[in-house]
Structures are given as structure tokens and as C-alpha cells.
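The values are calculated or read from the model by the stated rules, or taken from the named source; none is laboratory data. Everything numeric here is computed off the predicted structure, so don't read it as measured data. Cβ sites come from the backbone with ideal geometry, for glycine too, and all protein chains shown count toward neighbours. Keep in mind that these areas ignore ligands, DNA and RNA; they rest on the heavy atoms of the full protein, side chains included. Shrake-Rupley method; radii C 1.70, N 1.55, O 1.52, S 1.80 Å.
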Amino acid sequence: MPGPKARLAVALDYPDAEQALRLVDTLGQTCQWFKVGMELYYAAGNTIIYQLRDRGFNVFLDLKLHDIPNTVAGAVRSATQAGASLLTLHASGGAAMMVAAAEAACAPGSPRLLAVTVLTSMDAAQLAGTGITASPADQVLRLAKLATQSGIDGFVCSAEEVAAVRAATGPDTLLVIPGIRPTGTAIGDQKRIATPAQAIADGASMLVVGRPITQAPNPAAAAQAIFDEIAKAEAPQNLTYP
């Protein structure tokens, strides 16, 4: 059974590759997965993916694709060539877009696709401001079911919804949970958060952690503390890995 290293992605939320790789070097081989989001990717492009892969790490490419089906399918193929292992797209892009993405991801070496449901920075009031009157939890489940029917078998959702999404989509679904804040750390701009232990106990497959590690005085020690918490909280019946 894979260990805790397979269950944590460190978010490299930096404006350039130099700062991101400095953090990677500080961590050494403590972590296996790194998340490259829009800020870093738009600054460094595929080069940062190549650099991380050359160092032996797995890359979670968090671009939250949302466009017409043909364009998103092309982006999936491009991410495959770059070597990303995980890639996000917005479930709100609709069934046709997700079907096209899933078909493109059938090629050898393609990243596993994760549908983003409702951003963890959004609460009920912000969701209502977009014209959606359902609660965040109801909207997450609605989009998760649509994504499953469209061939997507992985999701990004908050810790508040992970248990319900796990129940609705089954044991083999990959559930990646951002908004993780170890006890005693600042909440920041996240609204729907949980500790690592809570998220794992509720059925999370993988956790995404940024500032509690990257801004810690000792990032490697902060990451190891999260690994220790994951190891204690692991529920074998809920384990699914990318």
C-alpha cells in the first residue's frame, strides 16, 4: 500500500521557477508531489514541469481548464506531452467539454483528470452571487455526478463535501482536497477548510497544502508533520491513489 507521500501535493504558488525550485530544493526528497498552478505555469510554462519531472517528482497541473470541448481536449493532449500526472478542469464547463477531455485523456501517458466542483474560497453567499441558489454542498454533488457521467473519475472538492462525494461516486474515485490547514495555522483566503486528519478520515485520497508548508520556518519539518498526521488518520477502506 502506498504511504503518506502519495497523499500530499505541495502547492508551488510562486511567481517564477527560481523561487519554486528553491522551495523544492529545501524540501529535498521529503515530498513526492508538487502542484503547479496558474501563477507559476503562466510564468514558467512547461519548463517547470520538465524540471520537476527530471528531479523525479510527480506534477499536479492545476490549470482548471474551462473552454469549448475541442480546445480543452487539445489542452489535455498538450499536458500529456509535458508529463503532468494530474490535470484539473472545471466541471461547470459542462458534459460535452468533460467528455471531450476524458476521450483525449485515454491516450497512453495522459494525466488523470480532476473535475473542480466549487472553489474552496467560495461560500454560500459568493455562490449565490453567481446566480446559483443551491448550497455549496448541493452544487458540489450536482457537478460531481455530472462529471462522473461524463467519464471523469477524480474530483477537487473541499473537506466539507468529501464524505458526501465519496459516498456518491464510490471507493475508486480520486478525491483531492485543498484548503487543508493543520491545527494552529492561518486560514488565509480559504472558506471551507479542515485539518489533514479530518480530511483523510472523511475519505480524501490526496491533500493539497501550500502556505502551511511553503511559509513555514522549516518547510521539511512542516511537511513531515502532515505526513505523520496522515499516517495516523489513514482509513484503508478509503484509499485511492493517482
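Calculated accessible area for the stretch 4-232 comes out at 41 Å² per residue, all protein chains present (probe 1.4 Å; ligands, DNA, RNA ignored). Hey, what did the stretch 35-135 get for relative contact order, percent, Cα under 8 Å, at least 6 apart? Worked out over the stretch 35-135, it gives 24 percent. By the gyration tensor of its Cα atoms, with a ≥ b ≥ c the square roots of the eigenvalues, what is the shape of the stretch 24-142: rounded for a/c under 1.5, prolate for a/b over b/c, or oblate? Oblate is the answer for the stretch 24-142, as a/c is 1.5 or above yet b/c matches or exceeds a/b. By the Cα gyration tensor, the chain has an equivalent ellipsoid whose semi-axes, rounded to whole angstrom, run 25, 22, 17 from largest to smallest. Summarised in one figure, the compactness ratio Rg/Rh of the stretch 112-160, Cα atoms and Kirkwood Rh, is 0.98. When a 1.4 Å probe is rolled over the protein heavy atoms, the share of accessible surface on the chain that falls to carbon and sulfur comes to 52 percent. Summary of packing: across the peptides 17-25, 159-167, the per-residue average of other C-beta atoms within 10 Å ranks them, highest first, as 159-167, 17-25.
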